[in-house]
Amino acid sequence: MEVTLKDLTKIFPGKGKHAADVVAVDHVDLQIPDGCLLGLLGPSGCGKSTVLNLLSGLLAPTEGKIFFGDQDVTDLPPEKRGVGLVFQSYALYPHLTVLQNILFPLQNLRGKDKLTKEEMLQKATEAAKLVQIDTLLDRKPSELSGGQQQRVAIARALVKMPKLLLLDEPLSNLDARLRLQTREELRRIQNETGITTIFVTHDQEEAMSISDLIVVMKDGKIHQIGKPQDIYDDPQDLFVAKFLGTPPIDLFDGYTKDGKLWIGEEAVMDVDGDYDGHLTVGIRPEGFVPSQTGAFTCGLQRLEVMGRDVSVVCQHPFFIGDTFRAIIDSDDIPKVTGSTIRFDLKPSKVYLFREDDEQRILFD
Ligand code: ATP
């Protein structure tokens, strides 16, 4: 099912005499294609959970509309929206078994939706199989690992075959390995069911790895929407460029003049564009190519060998911060003597941003 947000806004009134209102979601327009796994990404407090709560109907918008397909669901109560929800805390019923937990949403169906016992059991078993916990049906939540508990929560959300699945930081209580494994599982389950899914996280790597589309939010606004690789390769502004990528993009103070990009006293690259003046230069760590005759001279601190790659830790007076990292292939480890290293820059990995509004400046 396609989901559309039109001019969606949520303002929480300030509490107390002097408290300002909080604009948690600020005129958001978004179209989510049918069957898409969308990663909603942004720093803490940017409005991700509020968007999910508006979609589920737990919150009413201050302005704007929500459509499921062609249907305007803005005023529809949560139970009539056909949405499955999974939160960070699994919120399983501790006194019920796994099977009883999964059956629970079905037992609440009334009227024409009411199911027989056999039908309920069949649906619950199917959902349990999908998340591979069908051998644990008689256990209580306290007898399961964190990853298994999270799967039960997902099965419980899937058992009614929702039209939309909303996952709010579903992996954050899991340890690193389980997190990696469970995110692959989520991708598989989503592929198998084809349910339009929105996955909220503040972990850019997690969002990049499993999403069809990513939405990057800040202060209640959408900064960019696109495929993960497209957003990484083509960030529209400095915020998005900084938010995606590990290690993060390296930022320098620089300027353009007469077709050259300058950092300090070195012309580091040719640039063909209309802009002459000061700007912020972003270089992805993989954009540095060590070369004896390189145009960009940096202070070398140390090399960190990390298997396939080598991280070259450097300093530069115009770097914004303390030290920065260049990532190079371990086959290309440069022979360095002394305390400096020179790089050529890969133009496709260099991004220029205005200093005032932090928007990207395009160049050839
Ligand atoms: P996190 O990643 O930390 O969960 P988030 O991106 O999900 O953050 P939201 O929970 O959507 O952010 O909150 C967005 C903003 O709205 C925050 O400034 C938050 O303090 C505020 N907010 C959320 N819920 C309420 C509420 N019920 N009353 C008042 N302010 C709220």
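Each Lys and Arg adds +1 at its Cβ and each Asp and Glu adds -1 at its Cβ; summed about the Cα centre, the range 1-154 shows a dipole of about 520 debye.
Each of Arg110, Arg354, Arg187 has its accessible area taken with a 1.4 Å probe; listed largest first, they run Arg110, Arg354, Arg187. Dipole size of the range 247-361 about its Cα centre, with +1 on Lys/Arg Cβ and -1 on Asp/Glu Cβ: approximately 420 debye, rounded to the nearest 20.
Tell me, what % of the accessible area of the range 3-242 is carbon and sulfur with a 1.4 angstrom probe? In the range 3-242, the share of accessible area belonging to carbon and sulfur is 50 percent.
Over the chain, dividing the summed -39,500 (n - 2.57) contributions of all DSSP H runs of at least 4 residues by the number of residues returns a 222 nm mean residue ellipticity of -7000 deg cm²/dmol. Surface calculation, 1.4 Å probe, protein heavy atoms: Lys80 sits at approximately 140 Å² accessible. Rounded to whole numbers, the Karplus 3J(HN,Hα) couplings from phi for the range 273-285 are x, 8, 8, 10, x, 6, 7, 9, 9, x, 10, 5, x Hz, using 6.51 cos²θ - 1.76 cosθ + 1.60 with θ = phi - 60°, and x at Gly and Pro. One Cα centroid belongs to the range 257-274, the other to the range 26-87; the line between them spans 45 Å.
With the charge dipole of the chain set up from +1 on Lys and Arg Cβ and -1 on Asp and Glu Cβ about the Cα centre, the Cα lying farthest toward the positive end among the listed residues Ser49, Leu144, Pro347 is that of Leu144.
Structural descriptor for the chain: relative contact order 15 percent, calculated from alpha carbon pairs under 8 angstrom and at least 6 residues apart. Dipole size of the chain about its Cα centre, with +1 on Lys/Arg Cβ and -1 on Asp/Glu Cβ: approximately 1840 debye, rounded to the nearest 20. For Thr297, the accessible area of its heavy atoms, probed at 1.4 Å with every protein chain present, is near 50 square angstrom. Among Met269, Val289, Val310, flag the residue with its Cα farthest along the positive direction of the charge dipole of the range 247-361, charges on Cβ as +1 for Lys/Arg and -1 for Asp/Glu. Going by the charge dipole, the pick is Val310. Accessible surface comparison of His95, His202, His18, probe 1.4 Å, protein chains only, largest first: the order is His18, His95, His202. Surface exposure of the chain, expressed per residue as accessible area with a 1.4 Å probe, stands at 50 Å².
The values are calculated or read from the model by the stated rules, or taken from the named source; none is laboratory data. Here the structure is a predicted model, which is why all the values come from computation and not from measurement. In this analysis, Cβ positions are derived from the backbone assuming ideal geometry, glycine residues included, and neighbour counts consider all displayed protein chains. With ligands, DNA and RNA removed, areas are computed over all heavy atoms of the protein, side chains included. Shrake-Rupley method; radii C 1.70, N 1.55, O 1.52, S 1.80 Å.
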